[in-house]
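Input: a single structure, listed below in structure tokens.
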Amino acid sequence: MSEVKVFLEGIGEVSVPKGTTLREIVEKYYPDRKDEILGAVVNKDIKDFFYEVQEGDRIRPVTWQAPEGKHIFWHSSAHLLAEALESLYPGVKFGTGPAIENGFYYDVDLGDRTIGEKEIKQIEKKMLELARRKSPFKKRILSKQEAIEYYKKKGDPYKLEILEGIEDDVVSFYEHGNFVDLCRGPHLPHTGFIKAVKITNVAGAYWRGDPSKPQLTRIYGISFPTKEELKEYLRRLEEAKKRDHRVLGKQLGIFTFSQNVGSGLPLWLPNGAVLRKQLEDFLYREQVKRGYKFVYTPHIARKHLYEISGHFQKYHHHMFQPFTSPDETEEYILRPMNCPHHCEIYKSEPRSYRDLPLRLAEFGTVYRYEQSGELSGLLRVRGFTVDDAHIFCRPDQVLDEFKSVIDLVLFVFKKLGFEDFSAQISVRDPNNKEKYIGDDELWEQAEKSIQQAAEEMKLPARVMEGEAAFYGPKLDFMVRDALGREWQLGTIQVDYNLPQRFDLTYMGPDNKLHRPVMIHRAPFGSIERFVGVLIEHTEGKFPLWLAPIQVAILTISEKFVDYAKQVEQKLKDAGFRTLLDDSDEKINKKILKAEKQRIPYMAVIGQREAEEGTVAVRSRGRKQIGTMTVEEFIEFLKEQL
RNA sequence: GCCAGGGUAGCUCAGUCGGCAGAGCGGGUGAUUUGUAAUCACCAGGUCAGGGGUUCGAAUCCCCUCCCUGGCUCCA
């Protein structure tokens, strides 16, 4: 019998008979770990115990601890969920049921049935009951024809549709207990590994993500090998909720919404306004330093402007509809983007190649009609302010401009402590070039410039084909919120379309008119969203320069209020934002209140301080710093700005 | 927009079977004059999201609308 050589992690190269499965490898070479090994990463792929090892395979067994182990675990949990559903609700039709980042889901067609609290309890109970049977997973290979017949007999249209899309002649099925599923795997050895499950959410999901197709019920869940880990997971979720910007935003007086104003239209409260102003001032100064020119443009424009830009035709469903002047002779719209206004500024005078790049910046408020189900605190709203700028440049300047924008975004992120972000380059779908405007050569040049710029700036970015805007490729910066959802913040987009539509030109050194290239860019993306994410990242503990209130002055008793007022005035004169708590509460309570408001510094004032002309300084989070004169305190604060 | 779950005092939430709308925090007033994470007492505060229906009687059951939450789709 022929042998194959494989490399086992922690053991080295071994020679085994051809046809040896991963199960046999684990039993022979990892006997003491066989109860915790769930599968293995073979070369780059995750495989389960049915895998027959091949010559040259590098095999790394994985347990629950590894991400790949969790993937196997949760994928099998999805099958367990399906088994429970089929047993509780016979006749359920199944879509797909993958493992996801945190758990798994299964899309099912429940007919007229809905899933509520009661059903969720039942499903969880049934899953655990089935798991306890330790049903082994079995893998079977069927011909595609056999598979089609099986699902025709069972009456599962979704599975038939999946089969139609498979090109191979044979397909694999996994079976455990009473449930059989068309599935590529990988799966656990048996269901007994699953000791704790939680149905986390029930939601509608269109079949194959297509709104024209029927909507299935997506049942989300998560599972663990021990009950303790489930508890810990739920505890962490609770913790995350405390960082939710909607909760903190209210608590800290940053923003609110009013039904009368309208959904998705945030109202900035005084504390939020301070925060926003600080951020805008910071960006203003930084951009002026970098050669941007600030402009102001109105929030509305004649409909015609957006017909020129093409937004009215292309972006119609996201726009509030035209309204008219009192005599109804003119139609205006609420702008969904700032670029057309900036194009008009470009056009306001003839431009020479010597004027380029021209960088026009504005904190431009825009209004977009987002679908109601999509609104989410400050992270998705209908009225928001873009820290926008449009760079008009020559084609040969695109690379340098792009690099300098990346530098700006990285600078801004660093200043605000965003270290955990990812970058994504969106390029054309190479198989569907007619979807995009602009000629091939320009696109290729732009895509190359973006990738080159990212490389030269040492910015790792994943490239997504087919994600580009119709007018040009882009680079986006994404960060996660407290609940782990990814949001796009900063964006840099190359645009060949608008300069053409607005007939923008510049006089070249050759004394001929040329077409400039536009770069749309926004380091924050939207100020609303940025503040939302910033709240979650900092838990509302803003750095001193951003904190709406920087120093809380706390009196020990009424007797020291006069002195406290003098201290407050000195701090205000030095430019600090203060709050004097002269209520007749005890100092403990005052500290607690200041902590809850996340105020960076507290100045406690009692008998000693009033006599000596000092303050007893304390910083956010239990730290007493010491007693110092007011002047020393002001110096101390200034050092931290 | 679609699916599901929700909406009770400023906030967080309780309210059993359809039978007098509650608590804590916050707010006001008074007492207290306090030394580093909650002093005590009293008081005010409600169209139970809005509208309609069923019923002797609705926060509670049914229908419609609005809003919120989580997904889907979309997107800064």
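The values are calculated or read from the model by the stated rules, or taken from the named source; none is laboratory data. Bear in mind the structure is a predicted one, so any value in this text is a computation, not a measurement. All Cβ positions, even for glycine, are placed from backbone atoms using ideal geometry, and neighbour counts span all protein chains on display. With ligands, DNA and RNA removed, areas are computed over all heavy atoms of the protein, side chains included. Shrake-Rupley method; radii C 1.70, N 1.55, O 1.52, S 1.80 Å.
Points worth noting:
- Segment A:363-408 and segment A:245-281 have Cα centres spaced 20 Å apart.
- Cα long-axis angle, helix A:527-538 against chain A (0 to 90 degrees, to the nearest 10): 70 degrees
- Calculated on the Cα set of segment A:68-239, radius of gyration then Dmax: 15.7, 51 Å.
- Centroid-to-centroid, using Cα positions, segment A:142-165 and segment A:557-614 are 74 Å apart.
- Using the Karplus relation 6.51 cos²θ - 1.76 cosθ + 1.60 with θ = phi - 60°, the per-residue 3J(HN,Hα) values for segment A:6-20 come to 10, 10, 9, 5, x, 10, x, 7, 10, 10, 10, x, 4, x, 5 Hz, with x marking Gly and Pro.
- Count, lysine Cα pairs under 16 Å in segment A:3-63, 8 or more residues apart or across chains: 4
- Cross-link partners of A:Lys93 among aspartates and glutamates (Cα-Cα below 13 Å; sequence separation of 8 or more within a chain): A:Glu83, A:Asp107, A:Asp109, A:Asp112, A:Asp156, A:Glu161, A:Asp181
- ³J(HN,Hα), Karplus 6.51/-1.76/1.60, whole Hz, each residue of segment A:620-633, x for Gly, Pro: 3, x, 6, 9, 8, 9, x, 9, 8, 6, 4, 5, 4, 4
- Against the rule of thumb 2.2 N^0.38 Å, how large the Cα Rg of segment A:551-640 comes out: 0.95
- Sorted peptide list for A:275-282, A:404-411, criterion being average Cβ within 10 angstrom, highest first: A:404-411, A:275-282
- Portion, in percent, of the accessible area of segment A:380-480 that falls on carbon or sulfur, probe 1.4 Å: 45 percent
- Reachable lysines, given that their alpha-carbon falls under 19 Å from the alpha-carbon of A:Lys118 and they are not under 8 places away in the same chain: A:Lys126, A:Lys198
- The H on the amide N of A:Gly490, modeled in the peptide plane, is under 5 Å from the matching H of A:Phe477, each at least 5 residues off or on a different chain.
- For segment A:64-72, putting each phi into the Karplus relation 6.51 cos²θ - 1.76 cosθ + 1.60 with θ = phi - 60° gives couplings of 3, 4, 7, x, 5, x, 4, 4, 4 Hz, in residue order, rounded to whole numbers and with x for Gly and Pro.
- Straight Cα distances below 16 angstrom link A:Lys458 to the lysines A:Lys403, A:Lys414, A:Lys448, with same-chain residues fewer than 8 positions distant left out.
- Gap separating the Cα centres of segment A:102-139 and segment A:33-66, nearest whole Å: 27 Å
- 10 Å-binned pair-distance histogram of chain A (Cα, whole percent): 3, 12, 17, 19, 19, 16, 10, 3, 1, 0
- For segment A:266-374, the fraction of 1.4 Å probe accessible surface lying on carbon and sulfur atoms is 53 percent.
- Of all DSSP bridge pairs formed entirely within segment A:551-640, close to 55 percent run antiparallel.
- Whole-number accessible area per residue in Å² for segment A:551-640, which is evaluated in the context of all protein chains at 1.4 Å: 57 Å²
- Value of Rg/Rh across segment A:271-538 [Cα atoms, Kirkwood radius]: 0.95
- Accessible area expressed per residue, segment A:273-398, with surrounding protein chains retained (probe 1.4 Å, Å²): 48 Å²
- Peptides A:446-456, A:285-295 ranked from most to least packed give A:446-456, A:285-295, packing being the mean of other C-beta atoms within 10 angstrom over each peptide's residues.
- Within segment A:8-106, the percentage of alpha carbon pairs spaced more than 24 angstrom apart rounds to 33%.
- Under a 5 Å amide H cut-off, with hydrogens placed 1.01 Å from N, A:Tyr206 pairs with A:Leu216 among residues at least 5 apart or on other chains.
- Cα gyration tensor shape of segment A:3-63, rounded if a/c is under 1.5, else prolate or oblate by comparing a/b with b/c: rounded
- Using the rule -39500 (n - 2.57) for each DSSP H run of four or more residues, divided by the residues of chain A, the 222 nm mean residue ellipticity is -10500 deg cm²/dmol.
- Accessible-area composition of segment A:68-239, carbon plus sulfur, in percent [1.4 Å probe]: 48 percent
- In units of the rule-of-thumb radius 2.2 N^0.38 Å, segment A:497-594 shows an alpha carbon radius of gyration of 2.06.
- Taking amide hydrogens as placed 1.01 Å from N in the peptide plane, the amide H of A:Ile553 sits under 5 Å from those of A:Leu579, A:Leu580, A:Asp581, A:Ala603, each at least 5 positions away in sequence or on another chain.
- Computed on protein heavy atoms with a 1.4 Å probe, the accessible areas place A:Glu632, A:Glu68 in the order A:Glu632, A:Glu68, largest first.
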